[in-house]
Amino acid sequence: MCGIVAAVSTRNIVPILVQGLQRLEYRGYDSCGVAVYADGLQRARSTSRVAELQTQVAADKLEGGTGIAHTRWATHGAPAVHNAHPHFSHGPGAVPTNRAGRVALVHNGIIENHEELRSALQAKGYVFDSQTDTEVIVHLVDSLYNGDLFEALKLAIAQLHGAYAIAAFCKDEPTRVVGARSGSPLILGVGKEYSECFLASDAMALAGVTDQILYLEEGDVVDIQLGKYWVFDKQHKAVRREVKTVQAHSGAAELGPYRHYMQKEIFEQPSAIANTLEGVNAIVPELFGDDAYRVFKDIDSVLILACGTSYYSGCTAKYWLESIAKIPTQVEVASEYRYRTSVPNPKTLVVTITQSGETADTLAALRHAQSLGMTQTLTICNVATSAMVRECKLAYVTRAGVEIGVASTKAFTAQLAGLFLLTLALAQSKGRLNDEEEAGHLKAMRHLPTALAAVLALEPQVISWAEDFAKMENALFLGRGLHYPIAMEGALKLKEISYIHAEAYPAGELKHGPLALVTSAMPVVAVAPNDSLLEKLKSNLQEVRARGGVLYVLADADSRLGNSEGVHVIRMPEHYGALSPLLHVLPLQLLAYHTACARGTDVDKPRNLAKSVTVE
């Protein structure tokens, strides 16, 4: 979480820093700030959004060629101006102000030994102005500074325990910014004019400024100056990182005709799926990498590691992998997996699922699995240049495009598409997919963009449901089999952005407890495709109606479910078979979106949440 932008240039860099923060605001919006060198250190900080910071910067006439900026998701210390980055340090006994300090620093991550370091620095006379762990780093760097900021940073990070991406500069070296990463992403951008070099959490921050990007590796420490840069690895040896031309994503940050990014991204799903499946003309293991055929032939089980929405896509894939590929599959919450004793199997294919490819818990879980001897690894990821893609042996890179809304939509359905392809490729490698079945699945996948567009046309009916839900404080979601994870995803979306308490259960579990909650004030959403469990589900729905519950049912056109008193039905345009989860989740996304709009919440930036979870 949190977003960092830093720059060294011969021109005024403040507009670029602030624009970069606007592009990174989805990573954290509890507070924001910018600091520059202008005859010393100067800064502006705000607990409002970046747009307000931009006004403040203009009013203060803040200008400079060297600077750092930050948008914060609070970990240590409440969202308050004194906890906002950048933090300054000015030596023992002095309290830095907005126009006084020696070292300025921003940080993404969590320093686990901050209390121990804070006590040691206080003993030296350093005065702390915040509750953040970040202020510990800036004072530590200052305490180690002896005329060379890069050397001070190297000495400082040797004392840090935890995760970090850091950018810092010093008033005594006004055309230099140094940075480091361990457990949190950081990239280096090389400008084509003005002798510019940049650091940022994400290449999107530099869209339209430079497309020449170096992706820093774990443990890298970097020194950028006017027209030049140096990168050192975790052993502090000089290294070369490949400069990649990264297409600017500035268009992704434009809303166009939509009210919110989430709405835009919901309606981008037909094209996101089309792009993700582009070029898939046959089911072959090589879709996942050159070595995939050998790996797939050798494995006998699958372990899926993921968090949040990605975990629900993994839960869906478990049904496909076991029913189509006939491969035993286990799905683990990544943040829990490495903290329990498990039984490793070296013939397991470890599959990670992550939108950003930088999710701290999922990366840690991957490394834990590898440490147990499970080295056959594959990721389903939306960012080709991410740490996850680099660390896994095999990969399928989805092409959903940049997703800015905190609540994931198009990334989720693109993950499902990639996981369905993985299922088919594994089935084929095991001799469990004949030519006729392959042709049928390929035809169904090619139809997905058209089918998704038809489901999105149901939006007016969903808006009618949302008007009812906006008055509620609780909701129950039901699904069976393959659609239980879709019910869980629907409940997650509703609580994420509307703040309505929502829970999901397998419909067959109603009688085992949840039925006690059902009243007319507890709307019940049911995902009801016309599959082998439909009749069982109908019985569960009757149990709800008998207790006065109000039903909202997503039914296939041929499921023989209709509207009646206390039963509201939206008919899906057609029956979708194994790919049904990709279609049934769309109305649930729209329900959450329009309910949140009706309740007046901040749809794209829900309270307490951020898009990219890069801290544990």
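Kindly list the number of the only condition in (1) in contact with a strand residue (DSSP E or B) (Cβ under 6 Å, 6 or more places away or on another chain); (2) in a loop (DSSP other than H, G, I, E, B); (3) not aromatic (F, W, Y) that fails for K234.
Only one criterion in (1) in contact with a strand residue (DSSP E or B) (Cβ under 6 Å, 6 or more places away or on another chain); (2) in a loop (DSSP other than H, G, I, E, B); (3) not aromatic (F, W, Y) is unmet by K234, namely (1).
Select, from G401, G418, G373, G440, the only residue that is part of a helix (DSSP H, G or I), open to solvent by 20 Å² or more (accessible area, probe 1.4 Å) and small (G, A, S). Spell out how you get there, then give the answer.
Details: G401 fails: part of a helix (DSSP H, G or I); G418 fails: open to solvent by 20 Å² or more (accessible area, probe 1.4 Å); G373 fails: part of a helix (DSSP H, G or I).
Matching residue, one of G401, G418, G373, G440: G440.
Does the stretch 124-149 hold any residues that are open to solvent by 10 Å² or more (accessible area, probe 1.4 Å) and charged (D, E, K, R), and which are they?
Hits for the stretch 124-149 are K124, D129, D148.
Tell me which residues, restricted to the stretch 210-232, are open to solvent by 30 Å² or more (accessible area, probe 1.4 Å) and either among the polar types (S, T, N, Q) or under 17 Å from I68 (Cβ atoms) (or both).
Just the residues of the stretch 210-232 that are open to solvent by 30 Å² or more (accessible area, probe 1.4 Å), to begin with: 211-212, 215, 217-218, 225-230, 232.
Passing the criteria: Q212, Q225, L226, Y229.
Among what's in the stretch 472-497 and is among the acidic types (D, E) and under 19 Å from the mean Cα position of the chain (by Cα), pick the residue that is most open to solvent (accessible area, probe 1.4 Å).
E496
Filter the stretch 80-103 down to residues that are exposed (fewer than 15 other Cβ atoms within 10 Å of the Cβ), in a loop (DSSP other than H, G, I, E, B) and not hydrophobic (A, V, I, L, M, F, W, C), then give me how many there are.
Final tally of qualifying residues: 2.
Being among the polar types (S, T, N, Q), surrounded by fewer than 18 Cβ atoms within 10 Å (Cβ to Cβ) and closer than 26 Å to T71 by Cβ is the filter here; which residues of the stretch 108-123 pass it?
N113
A quick yes/no check of all residues on (1) at pLDDT 95 or above; (2) surrounded by fewer than 17 Cβ atoms within 10 Å (Cβ to Cβ); (3) over 29 Å from C197 (Cα atoms); (4) within 23 Å of the chain's Cα centre (by Cα):
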| site | (1), (2), (3), (4) |
| --- | --- |
| K234 | no, yes, no, no |
| V239 | no, yes, no, no |
| H249 | no, no, no, yes |
| R259 | no, yes, yes, yes |
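Restricting to the stretch 453-471, name every residue that is buried (at least 22 other Cβ atoms within 10 Å of the Cβ) and closer than 22 Å to A417 by Cβ.
Selection gives V455 alone.
Going by the conditions given, is G3 under 30 Å from D361 (Cβ atoms) and buried (at least 24 other Cβ atoms within 10 Å of the Cβ)? Write out each step before concluding.
Details: under 30 Å from D361 (Cβ atoms): yes; buried (at least 24 other Cβ atoms within 10 Å of the Cβ): yes.
Against the criterion (under 30 Å from D361 (Cβ atoms) and buried (at least 24 other Cβ atoms within 10 Å of the Cβ)), G3 qualifies.
In the stretch 453-511, which residues are in contact with a strand residue (DSSP E or B) (Cβ under 7 Å, 6 or more places away or on another chain), under 20 Å from S310 (Cβ atoms) and not hydrophobic (A, V, I, L, M, F, W, C)?
Scanning the stretch 453-511 gives G479, H483, Y484, G490, K495, E503.
Failed condition for M572, given (1) under 16 Å from T309 (Cα atoms); (2) touching a strand residue (DSSP E or B) at 6+ places or on another chain (Cβ under 7 Å), with all others met?
(1)
Looking at the stretch 571-593, which of its residues are touching a Ser or Thr at 6+ places or on another chain (Cβ under 9 Å) and surrounded by fewer than 23 Cβ atoms within 10 Å (Cβ to Cβ)?
R571, H575, A578
Scanning for something buried (at least 21 other Cβ atoms within 10 Å of the Cβ), touching a residue at least 40 places away in the same chain (Cβ under 8 Å) and farther than 19 Å from P285 by Cβ, does the stretch 327-343 turn up at least one residue?
No, the stretch 327-343 contains no residue that is buried (at least 21 other Cβ atoms within 10 Å of the Cβ), touching a residue at least 40 places away in the same chain (Cβ under 8 Å) and farther than 19 Å from P285 by Cβ.
Select from the stretch 6-51 the residues that are closer than 30 Å to R607 by Cβ and assigned to a loop (DSSP other than H, G, I, E, B) and list them in ascending order.
Scanning the stretch 6-51 gives G28, Y29, D30, T47, S48, R49.
Within the set of pairs 6 or more residues apart or between chains, which connect a residue that is within 29 Å of I570 (Cα to Cα) and modelled with pLDDT of 90 or more inside the stretch 587-616 to a residue that is open to solvent by 10 Å² or more (accessible area, probe 1.4 Å) and part of a loop (DSSP other than H, G, I, E, B) with Cβ atoms less than 7 Å apart?
P587/L458; T595/A470; A598/A470; R599/A470; T601/Y499; V603/H260
The values are calculated or read from the model by the stated rules, or taken from the named source; none is laboratory data. Source: prediction; values computed, not measured. Neighbour counts are summed over all protein chains in view; Cβ atoms, including those assigned to glycine, are modelled from backbone coordinates with ideal geometry. For the accessible areas, the whole protein counts, side chains as well, though only heavy atoms, and no ligand, DNA or RNA atoms are used. Shrake-Rupley method; radii C 1.70, N 1.55, O 1.52, S 1.80 Å.
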